[in-house]
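See structure below.
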């Protein structure tokens, strides 16, 4: 059975990677491109190593992808990050299969969980991208799986394993931070033991898992002199939203409303997983409530509902937007956040197959659920891969297709001579991988050691400059005009977001 399950998982995983990568769909997301850039910069930049670790995005995905990103092909295609996601997806699929099998004590229920996972086309797509969701889901599933094992075995090393998994999760996405208090509460309440023992176990878990957020606070304090730089710094979601309000006045539709945030997120889940999957999960939750004999055994499942609270709070009060095409403003943005509910969405339907039912009854239920999920998957994929909502979000929002980005790429494709370029960090994410410019040949505001010396004369450091109205390079050139007297404009174009100028040093 083990070989068969792994065979199915690997075939689905590698098949998806080939399908989406061969159609140039895997590396569309701006965040995904930036994650691979972050991984590459650890070895390839003016300030490699520790200096290349930023403030907002947590470091583990970049560290794992960094050895792969050294390879030019894996960097330029985004496969350095995609391969990390593909491995994380395969491990997640196996863990969820095992968890479902042990929670439900029936192979039919475990098969439902696996089918729910492998028939979610948007999830299969995400597993081929350099996004951090697949890795974050893996750590959360491993944490809950080991906590479930700890609840049954009471082995301290299993608890330590869960704590280590949670620790790595807190260095992958901030969702992992939110999970910690709920996981601690589970440790306190999952067994009837003396409170002294339970408190001690909760402390062990908290000290190990909580080291992740602590390390990130210390990192931000040391590198940026602000332990909350990731939360309120210039590149934080809070700062981005404040800038949007100041320039456009447009508020996120979910801002300040728990009810609207929950409504948008549930709509997101329906679009990402399908209406039938959402209904099966809801029925499975009801089955969990009604089945008193297995309720306690399956209680670890509740930890998979934490993302529902996390994202609802984030949309309402965390300056995080979500736009779904079926609700105002009827567009696509951050729909992939729904994927964080994957473990709950694939585990809950398995609760609809009772272990006390006859083998024939379980087979009928398994066949019926799989038929529904298959029909739903066919319906969602019928119009082609580009119409899957998570794929469409990437297609519509990819920075590589903007007129300004394409114009700069075309210019450097014809004129770049291998000499250093001054540009704003994050402004031209597709330029370097598409043209093949190493990051050590770029100077940005992230390279603070060199950026601070530009006022001494930009010609000492760079040959080219890309300047967009209002960006850090524009501000630098306005502040120190004499430092740029050796440069002349070789290209000037006007785009909806403003003027873009390219300069070259004059000998």
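Every number in this text was worked out from the coordinates using simple rules, so none of it is lab data. Note that the structure is predicted; figures quoted are calculated from it, not measured. Positions of Cβ are generated from backbone atoms using ideal geometry, with glycine treated the same way; all protein chains shown enter the neighbour counts.
When the chain is fully extended, how far beyond the present Cα-Cα distance does residue 222 get from residue 105, taking 0.36 nm per residue of separation?
Values: separation 117, 0.36 × 117 = 42.12 nm, distance 4.97 nm.
Net length gain for the segment: 37.2 nm.
Using the scaling law 2.2 N^0.38 Å as the reference, what is the normalised Cα Rg of the stretch 402-505? Don't jump to the answer; show the numbers that get you there.
On the way: Rg = 12.5 Å, N = 104, 2.2 N^0.38 = 12.8 Å.
The value comes to 0.97.
Put simply, when 170-176, 261-267 are sorted by average Cβ atoms within 10 angstrom per residue, most first, you get 170-176, 261-267.
Gain on full extension, evaluated as 0.36 nm per residue between residue 491 and residue 297 minus their Cα-Cα distance, stands at 63.2 nm.
At a Förster distance of 60 Å, what's the computed FRET efficiency of residue 152 paired with residue 402, Cβ-Cβ distance as r, to 0.05?
So, using R0 = 60 Å, E works out to roughly 0.70.
Please sort 307-319, 391-403 by packing, taking for each peptide the average over its residues of neighbouring beta carbons within 10 angstrom, highest first. Display every interim value, and only then the final one.
Values: 307-319: 20.5, 391-403: 18.1.
Highest to lowest by the protection proxy: 307-319, 391-403.
Label positions at residue 382 and residue 364, each projected 7 Å from the Cα along the C-beta direction, are separated by 2.8 nm.
Once Rg and the Kirkwood radius are both taken over the C-alpha atoms of the chain, their ratio Rg/Rh works out to 1.00. When only alpha carbons are used to place a centre, the stretch 1-39 and the stretch 176-251 end up 29 Å from one another.
In the stretch 373-451 the Cα-Cα distances spread across 10 Å bins starting at 0 as 16, 35, 22, 15, 10, 2 percent of all pairs.
Alpha carbon centre of the stretch 367-389 versus the stretch 435-485: separation in Å? Going from one Cα centre to the other spans 49 Å. Hydrodynamic estimate: the Kirkwood radius of the stretch 342-386 over Cα pairs, inserted into Stokes-Einstein at 20 °C and 1.002 mPa s, corresponds to D of 177 µm²/s. For residue 279 and residue 419, a Förster radius of 51 Å and the Cβ-Cβ distance give a FRET efficiency of 0.30, rounded to the nearest 0.05. The slack between residue 197 and residue 375, meaning 0.36 nm per residue of separation minus the straight C-alpha distance, is 59.1 nm. As a length-normalised measure over Cα pairs under 8 Å and 6 or more apart, the relative contact order of the chain settles at 16 percent.
Among 461-470, 288-297, 90-99, the peptide with the highest mean count of other Cβ atoms within 10 Å heads the list, and the full ranking is 90-99, 461-470, 288-297.
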